[in-house]
Structure formats: structure tokens, C-alpha cells
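In what follows, a single structure is set out as C-alpha cells and then discussed.
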Amino acid sequence: MTEIFGVSTQALLGQLVLGLVNGSFYALLSLGLAVIFGMLNIINFAHGAFYMIGAVMTWMALNYFGISYWWSLALVPLVVGVVAVVIERALLQWLYKLDPLYGLLLTFGLALIFEGVFRNAYGVSGLPYSIPEQFSEPLNLGFMLLPKYRAWVILVSLVVCFATWFLIEKTRLGATLRAATENAKLTQAFGINVPLLVMLTYGFGIALAAFAGVLAAPTKQISPLMGSNLIIGVFAVVVIGGMGSILGAIVTGLALGVIEGLTRVFYPEASATVVFIIMALVLLVRPAGLFGKRES
Amino acid sequence: MTKRRLGYGLLIVLALVAPYAGLYPVLLMKILCFALFACAFNLLLGYTGLLSFGHAAFFGMAGYVAGHGIKVWGLPPEIGLLLAALAAAALGLVFGWLAIRRAGIYFAMITLALAQMMYFFFLQAPFTGGEDGLQDVPRGKLLGFINLADDLNLYYFVLAIFIFGFWAIYRTVHSPFGHVLKAIRENEARATSLGYDVDRYKLLAFVLSAGLSGLAGATKTLVFRFATLTDAHWHQSGEVVLMTLLGGMGTSLGPVVGAGIIVTLQNELADKVGSLVSVIIGACFVLCVLAFRRGVVGEAGALYRRITGERRS
């Protein structure tokens, strides 16, 4: 077995893959946060809660209704997205004219409510969800054994991220969306239904989070607390990357996942904090974030 | 002004006799600790317009410093509290120095992330006792002769600390320095153009707020004789935001009222609804943000002004 800095390559590559998996979740979540922030001017604290709901609903779908992983992958984001649209209409739409801090506080409250409800129902110990059978065998690449499910998570996350990028940057709908982000009033004056766009954007951003939740269900402990533990790291990712650029959010998310994975190999004590340390360093060197524009 | 002084005097008298009116001193002390915490937080959110989502780091860290100092180093309680407050202020200097580089929503996210980093540090550091927390901190003797193991003695000590903290914040807010803070809250660009070094003012407010939050956290450790991770958790940061919001941010007494309501609520509900407490706290958040943004004291003040027809000064 070959070694690098006293660490076996198998362990190193294993953590690298795991880092990419976590990075995929970072990317999907920070992407959703950035899209929502652009349109609604709200930092969605409940984003982690929706990710958790995505995972728990996947578990519920299987155990209560016998709905398989593959159906959940399509249905759960749809259902959670609809719930998000209802929340946007019922609660968030009243906040757009206020300081964005109120949006943060309201969604924080929502996160507490969701977390509390699911904690009350399922406890905190974690629910088991087995990996779909297609992925049970690891893939032998010759130099390492690659768990197929991890490869699938990375692949499908990348596809979804880049599809989102394409949708926003290269299509007509995306152009309208960007116009509405830039100047909502003027866009509305051109006859575009901006409130509808805002509503759908929120639904879409949340559906991304729920999608990440479904992907996470077989690899992570499904627990009501899984969202809040992740979302704070995602906030750090957003601060590091800046919310100005979609590609920036994706790249930063993946990169930080990898860095976290490598830290777990070389200095495990810091693996929980390394993202925050990097955030502090980036603030010192480039306060606006790596891909951010200077705010006024 | 005399009316206001009379009001505060009356409140102090009420606080002095409260333990004899059948109120449980430990609950009162808990309320006072959180009230001081919320007042310190309000200095930042209510008067400077900075939303920190990481104040639990100061509250929790001071708890550990006080606990460790008193238990392991054998410091007298007053020195332990002072040391803890200074440590929290020092941490506030670092956090503030980093966080004021960004404004608004980013400021909140940065403070939250930094506090989470401290949380993981406390989880792993040897002196905190990890998941178990720092247990059996002795209350000791104040100035060497007042036995704080007696709840009533401790109550008056905690009340004195609270009044000192409240007074310090009140003085700060009503000083020329405080007026600059309010100017920054209202219009940062204008404050800059008037020649104020806005960043320095923000940082100083942050450090003050962190130090006083630390004093509150250290006092709580003295009251309950332990320091745990709960105090450094982001839930705690959220709770202090809620206390301030519910009571009325930017009012002197609002955070005290908010802390009183939330602590009493938790105390009443903890046995009855278990983990649904966080659902209720969350619902309070949603309601406050949607319909009650001025908070209890803010709404009461507005009502009072409408009845008396007095104009806002």
C-alpha cells in the first residue's frame, strides 16, 4: 500500500471522495441560498431545515407508503417545493419591504419549528435508510474501491448544479430572473409577473435543498438536527464565496468539502472548524468574498 | 426625567422585595442573568443596528472561564466574574474585528459561523468537560465574608451585578458615544460623512456588548454552579435575539421584559411539552417578526403616547 505523508492513499482518496460528497451538499445548499437571496433579499435560515425535511420525508415515504428512493428523488423536492411556495405566500411576502434581517429572523423561527416538530416525532438518534441496491457494490477502480453511491451523489449534484447555472445564465427565463433581481420594479413595468417569479424562485431554491436531503438520506444519519448542523457551515461557505456568482457558489462549496475531507485525514481535530477558520482568513484578505462584488 | 427616575426606583424596590413575595430566588436570578445578556445584546442590535447571531459564544465562554477560574484556580467569585467578562470582551474584540468587515446580513452569518467555531472548540477543549460540562463550581464567599451558597445573599449580589450592567448600558446609550451609535444605525453613510470613524464605534460597541454578555454568562455559572455547551449553542444566540425582539429592541427595558417572558415560559413549559418548547419559541419568532416588531415595551410606549397625545421626543 502506497503512502503519502504517512497516510495510506486508500484512506486519503476515501476522504477525498467523502469530502466531495459533503462539498456537493454545500454546493446545492449555497446555490439555493444565493438564488433565494438574489430574488427575495432574504437569507433563508430554514434552508437546513428543508434539507432535513427532504431526508426525513424520504424515510417516511419508504416506511409509510413504500415509495422507493428513485420516486422520492423526484417527488420529495416537488412536495417540499410546494410547501415552500405556501410559506412564501403566507409569511415571507410581507417582509420584502423591510430590513433583510427580519427575513433571517422569521426563517430562523421556521427552522426552530420544523426541527422541534420532527424532534418530537422521531427523537434525535437518527433513522436508518439503506443504500439503493443498484449501488450496494463498491466500484473497483484499481487504485481504490469507490463506493458507488458516493460517486452517484457527486455526479448528480454536479449535473443539477450546472443545470441550474445554465437555466439562470443562458436561458430566456434566466434572463428575466436576473432582470428581476437587478430591478424588480422596472421588470414588472415590462409586463412580467415578478411576484410569481419570486414565489417560484423560493420554491425552486427550497426544492434544491430538499433534493440534497434525499441524496443525503442513505449516506448520512437522518436526524432532525442534521439540517442545523449543516446550514451554519453553508453560511460560512456563502461568506467565503460571496453570493454574487452562481459558479462561485458551486466551486466554493465543492472546494470546502474537499478541504474538510483532507483536514479529516491530516488533522482530524480541526475538521469541524476548518471551514470557519478559512472564512476568517478570507475575511482578512478579501472581505467581499472570493467571488463577491463589493457591497455598497 | 424625574418621572423616569421614580419608575426605575420603584422597579429596584420591587426587585429588592421580590424574594419575600414568594418568588423563587433561583428563577429570579436566572431571569436577571438573561435580562443582562439581552440588554447587552440590545446595545448592539437595538442601538447600533448590528444583528449578531453569535452572542452565545461570549455568554458560554465566560461561563467556562468563570467556572474554571473559581473551581480549578480557586479564585474568589468577584475576580472570577471579572476575569470572565474580560475574556469575553477579548473574544468580542476578535469577532468584532473580523465581522465588521461586512455589513447587514453577512455580519449575522459571520458572527454565527465564528460562534459555531467556538462551540466546536468548547466541545473538544479539555477544560470544558465536553458534553458533560463543567460541574460543581463552588459559589464561594464574596469579598471573603459573604457566603454566596445562601440563595438570598447570591440573589442580592446578582441583582447588584444586573443593576451595574443595566446602568452601564443606559449611560452608554445616553452618552455622546451612544448618539453616534444611533446615528450609525439610522444612516451609516451619513455618520461616515460627518467624520465619524464608523468602524471604531461599531467595534467598541461590539466589545462592550460582548463583555457585558460575558458578565451575564459568568453570573449564570455562579448561580447554577455549572457551565455547559448549551450556553454556547446557536440556539442560545437565537434566544437572546428573541428576548430582545419580543421585549422591544432599542428600548431600555424591553430586553428585561423579553427575558422575563421567555425564561418564565421555558420554566413553565419545560416539563409539560418537552422538545416542543423550541416549536413555541419558533412560533414566537414568526409572530414577532410578522405582527409585533416593536415588541412589548415598544407597543406599550406607542400606546401610552397615543393616549396622552404626547409627541415622540
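None of the figures in this text is laboratory data; all of them are computed from the coordinates on show. Please read all numbers here as calculations on a predicted model, not as lab measurements. Here Cβ is always computed from backbone atoms with ideal geometry, including for glycine, and neighbour counts include all displayed protein chains.
Couple of notes before you dig in:
- Working note: Debye formula, equal point scatterers on the alpha-carbon atoms of the stretch B:24-231, no solvent; log10 I(q)/I(0) at q = 0.09, 0.12, 0.14 Å⁻¹ is -0.34, -0.59, -0.78.
- Cα shape, the stretch A:21-94, gyration tensor, a/c 1.5 rule: oblate
- Of every Cα-Cα pair in the stretch A:95-191, the percent that sits beyond 24 Å: 63 percent
- With θ taken as phi - 60° and the Karplus curve 6.51 cos²θ - 1.76 cosθ + 1.60 applied, the whole-hertz 3J(HN,Hα) list for the stretch B:243-256 is 4, 5, 5, 5, x, x, 6, x, 10, 5, 8, x, x, 5 Hz, x standing for glycine and proline.
- Rounded if a/c under 1.5, otherwise prolate or oblate - the stretch B:108-235, Cα gyration tensor axes: oblate
- The Rg/Rh ratio of the protein assembly as shown, with Rg taken over Cα atoms and Rh as the Kirkwood radius over Cα pairs, comes to 0.98.
- With both labels modelled 7 Å from their Cα along Cα-to-Cβ, the B:Glu186 to B:Ala90 distance reads 3.8 nm.
- Annotation: amide H-H contacts under 5 Å for B:Ala103 (H modelled 1.01 Å from N, sequence separation of 5 or more, or interchain): none.
- Of all lysines in the structure, the ones whose alpha carbon falls short of 17 Å from that of B:Lys182, not counting any fewer than 8 places away in one chain, are B:Lys202.
- Nitroxide proxy distance, nm - points 7 Å out along Cα→Cβ at B:Val17 and B:Asp150: 2.2 nm
- Spin-label zone in the stretch B:222-243 - amide nitrogen under 15 Å from a point set 7 Å from the Cα of B:Phe127 along the C-beta vector: B:227-228
- Think of the stretch B:143-256 as having a plus end and a minus end, set by charges on the Cβ of Lys, Arg, Asp and Glu; of B:Leu253, B:Ser175, B:Ala191, B:Ala191 sits farthest toward the positive end of this dipole.
- Descending principal axes extents, the stretch A:16-224, alpha-carbon based, whole Å: 58, 41, 29
- Chymotrypsin sites (Phe, Trp or Tyr not before Pro) restricted to the stretch B:36-98 and DSSP loop, no more than 13 other C-beta within 10 Å: B:Trp73
- Relative contact order [Cα under 8 Å, 6+ residues apart], chain A, whole percent: 38 percent
- Residues with amide H under 5 Å from that of A:Leu290, placed H, sequence gap 5 or more: A:Gly241, A:Gly242
- Scoring A:95-107, A:228-240 by mean Cβ neighbours within 10 Å over their residues and listing the highest first yields A:228-240, A:95-107.
- Non-local Lys pairs in chain A, i.e. 8 or more apart or on different chains, that have alpha carbons under 29 Å apart: 6
- Chain A: angle of helix A:274-285 to the longest principal axis, Cα-based, in degrees nearest 10: 50 degrees
- Principal-axis analysis of the Cα atoms of chain A puts helix A:246-266 at an angle of about 30° to the longest axis.
- Relative to the longest principal axis of the Cα atoms of chain A, the long axis of helix A:172-182 lies at roughly 70 degrees.
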